[in-house]
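Chemist: Sharing a structure, written as structure tokens. Questions coming.
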Amino acid sequence: MPGPLVPARLAFAPDGTPRSAAYDDLHHSAGGGAAQAEHVFLRGTGLPGRWQDHNQFTVLELGFGFGLAFLATWQAWRDDPQRCDRLHFASVEKHPFTEQDLAVLHAAFPALAPLAEELRSNWPVLVPGFHRIAFERGRVVLTLALGDVADTLPQFTLSASAIYLDGFAPAKNPEMWSQPVMRQLTRLAAPGAIAATWSVAAAVREGLRDAGFLTEKRCGFAHKSEMLVAQLAPRRVECKAAAPIERRAMVIGAGVAGAAACERLAARGWEVTLLERHPVTAAEASGNYAGAFHPVLTPDDSLFARLTRAAYLYTLQQWTALEDLSWNRCGLLQLARDGEEASAQRRGLEALAPPPGFAQLLDAAQAGNVAGVSLSTGGLWFPESGWIQPRSLVNALLAACGGRLRPRLQREVASLSRDGDAWIAKDARGIVLGEAPVVILANAADALRLSPQPSIPLRRVRGQLSLVPGIAGLRAVVLRGGMALPAVDGLSAVGASYDIDDEDPLPRADSHAGNLERLERMLPGAGAGLDPAQLEGRVAFRATVRDRLPLVGTLEDARGPGLYGAFAYGSRGLIWSGIAAELIASMLEGEPLPLERKLVAALDPARFALRAARRGAGAAPPGATSAPA
């Protein structure tokens, strides 16, 4: 796995120009950073003219630095009355600056101050991976990959019409200009893409030519007499763009998975019909009293950990923008159950080396201090984690859809069929409940009833949550083989049971007793005197598969295209649902994907069929592709 991020160090040349000590090079021309960005990158790639009257436009940048090219592009978009409806800006940065250092650097550019302040207020936690940040109500989207270009660039899925090559000088940072990087640019470039850079070094010109670009020298900026512009040469067989799909969808299931899908589509202008078999939304697992949200750390930074981290960070940004949400970022303690887990926590923290605001390792005394109760062991402390009431999340997401949402409750879909270019949903009497070219199955374990997928080993897990009187003194969420929440409206949620192949829908005393045992291991004495037979609680069923990752993406179905899955979230639906919905919406719109290619492949519902095919146990479904390296 790649090592932890090393932030950039603030340094300046004698004339005050920002300088990188690591690469012994300037961050921009002494003649002015914003002016250089406009001359080299915007004019060099034909902007703003080339994005005008487009639905969306994508810029790819190598070397985010402190964001000058992004800010200049964003400002040009704002100033252009004929701008594209949605601007995507994807960038790579190995050594990101801290928010505090960004403020120092941005102070030299007062014309960009409002945008720079907004960028800093949304600046991501400095941990590796993709960070998706939305501005202008989602019309300007920054996808920032933090890590080495050799690791991160192959993980992008996008089609860039403009490419900014803004790494340090080839002699100082040859990896940024290597032939493998240039080949990735060809993969990521849209037909007719234009790249621009201030460098005219022979190695850069030759690398771009070898990768299929036609290069041309132009007048440079300030003291540099020349700059380079390169256009992707026409290929012998150009892939034809897919016909634009009609922006209508049906979402089946009104829990957090379905509500998130509705919100992400409606934000892009889609008309969405929401079909739910119950008379209310959030009637199943999403109707639980409250749940915890937090990231995961593992010594090897596993796919599970990387997905959960990306989803968690995206979720915090999204939830902050929602109205009437019942949640609390009170902090969460993940206590070590034994010495082996304590060692794994320590190694996981050392491997990622995140800022303290993301995760810390606390001893028993420190853990007790933040939790408000006496503890016998320490563990991982996530200061920005906490609890949320899922029903409030569902309601907030659906409210954000506005008039683009058409909810149809107490409508159980008995069958899906295909008629021409549309999917038809019918009830048991054959009455049409809705039709649309796109369907998203967000109905947990019931999804495969509507689109059978023999290769998917889906299981239902019964989970019973217990409600106990508010635990005295507890002010943070505590995990240790179970969950204990601070008082929410006078009650603390404790649990939950994990009962495989148990179909009992009613709360049971034995499950309450099991939850009290979990509470005793976490907070000794907190459940003293409570009678399991007298406790209130709730049963919900979770869908899961053996690799514990969700099923998100295209569902292969012989009846036709346009069928997507968003289910098998297990106990992580609260934070996985948002990034999963963003992923599906981005797929449908042909936008840059918000997750690494490895993660997208790991979520692919076809992955089990692919694995079986590799073992010789079956054939891969039509159109399936293997996971990227």
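The values are calculated or read from the model by the stated rules, or taken from the named source; none is laboratory data. Just so we're clear, the structure is a prediction, and the values are computed from it rather than from any experiment. FYI the Cβ positions are ideal-geometry reconstructions off the backbone, even for glycines, and counts take in every protein chain you see. Note: areas computed on protein heavy atoms with side chains; ligands, DNA, RNA excluded. Shrake-Rupley method; radii C 1.70, N 1.55, O 1.52, S 1.80 Å.
Chemist: Residues of region 266-296 with the amide nitrogen closer than 19 Å to a label point 7 Å from the Cα of Gln317, along Cα-to-Cβ, please.
Modeler: Answer for this model: 266-269, 294-296.
Chemist: Sticking with this one: May I ask you to derive the relative contact order of region 1-157, considering only C-alpha pairs under 8 Å and at least 6 residues apart, and to give it as an integer percent?
Modeler: 24 percent
Chemist: If you don't mind, there's one more thing I want to ask. Using amide H atoms built in the peptide plane, which far-off residues or other-chain residues are under 5 Å from Ala145 H to H?
Modeler: Residues meeting the amide H criterion: Ser91, Val92, Glu93, His131.
Chemist: Under unit Cβ charges (Lys, Arg +1; Asp, Glu -1), what dipole magnitude, rounded to 20 debye, does the chain have relative to its Cα centre?
Modeler: Dipole size: approximately 1120 debye.
Chemist: Across 10 Å bins from the origin, how do the percents of Cα pairs in the chain run, short distances first?
Modeler: 3, 15, 25, 25, 18, 10, 3, 0, 0
Chemist: Leaving out ligands and nucleic acids, and using a 1.4 Å probe, what accessible area per residue does the chain come to in Å²?
Modeler: Dividing the accessible area of the chain by its residue count gives 41 Å².
Chemist: Give me the percent of the accessible area of region 380-446 that comes from carbon and sulfur atoms, probe 1.4 Å, all protein chains in place.
Modeler: 45 percent
Chemist: Suppose R0 equals 60 Å; then what is the FRET efficiency for Ala202 and Asp510 from their Cβ-Cβ distance, rounded to the nearest 0.05?
Modeler: 0.20
Chemist: Something else: With n ≥ 4 as the cut-off for DSSP H runs, can you work out [θ] at 222 nm for the chain, using -39500 (n - 2.57) per run divided by the number of residues, rounded to the nearest 500?
Modeler: Calculated mean residue ellipticity at 222 nm is -8000 deg cm²/dmol.
Chemist: Now for a separate question. Considering only DSSP beta bridges whose two residues both sit in the chain, what percent are antiparallel, to the nearest 5?
Modeler: 60 percent
Chemist: In bins 10 Å wide, starting from 0, what share of all Cα pairs of region 130-227 does each bin hold, as a percent?
Modeler: Bins of 10 Å from zero give 14, 44, 32, 10, 0 percent of pairs.
Chemist: Would you work out which of Leu603, Pro355, Val394 lies farthest towards the positive end of the dipole of the chain? Charges go on Cβ: Lys and Arg +1, Asp and Glu -1.
Modeler: In the chain, that residue is Leu603.
Chemist: Still on this model: Determine the share of region 122-267's accessible area contributed by carbon and sulfur atoms, expressed in whole percent, with a 1.4 angstrom probe.
Modeler: About 55 percent, which is the carbon plus sulfur part of the accessible surface.
Chemist: Shape call for region 221-312 from the C-alpha gyration tensor, a ≥ b ≥ c root eigenvalues: rounded (a/c under 1.5), prolate (a/b greater than b/c) or oblate?
Modeler: Since a/c reaches 1.5 but b/c is at least a/b, the shape of region 221-312 is classed as oblate.
Chemist: Over all directions, what mean area does the Cα convex hull of region 1-139 project, stated in square nanometres?
Modeler: 8.8 nm²
Chemist: In addition: Would you work out which of Ser586, Ile575, Leu516 lies farthest towards the positive end of the dipole of region 479-596, given +1 charges on the beta-carbon of Lys and Arg and -1 on that of Asp and Glu, about the Cα centre?
Modeler: It is Leu516, whose Cα lies furthest towards the positive end.
Chemist: Short version: ³J(HN,Hα) in whole Hz for each residue of region 90-99, in order, from phi by Karplus 6.51 cos²θ - 1.76 cosθ + 1.60 (θ = phi - 60°), x for Gly and Pro, what are they?
Modeler: Karplus-based 3J(HN,Hα) across region 90-99 equals 10, 8, 10, 8, 7, 10, x, 7, 6, 4 Hz.
Chemist: Could you work out the longest stretch of the chain that avoids the GluC sites (Glu not before Pro) located in DSSP loops with at most 11 other Cβ atoms within 10 Å?
Modeler: Segment 1-237 is the longest.
Chemist: Percent relative contact order of region 230-361, based on C-alpha pairs within less than 8 angstrom and at least six residues apart?
Modeler: Normalised by residue count, the contact order of region 230-361 is 19 percent.
Chemist: How many nm separate the modelled label positions at Asp300 and Val104, each set 7 Å beyond the Cα in the direction of the Cβ?
Modeler: My value for the distance between the label points is 4.0 nm.
Chemist: In what sequence, highest mean first, do 207-215, 448-456 appear when ranked by Cβ atoms within 10 angstrom?
Modeler: 207-215, 448-456
Chemist: Hey, another quick one. Can you tell me, using C-alpha contacts under 8 Å and at least 6 residues apart, the relative contact order of region 452-506 as a whole percent?
Modeler: Here the relative contact order equals 42 percent.
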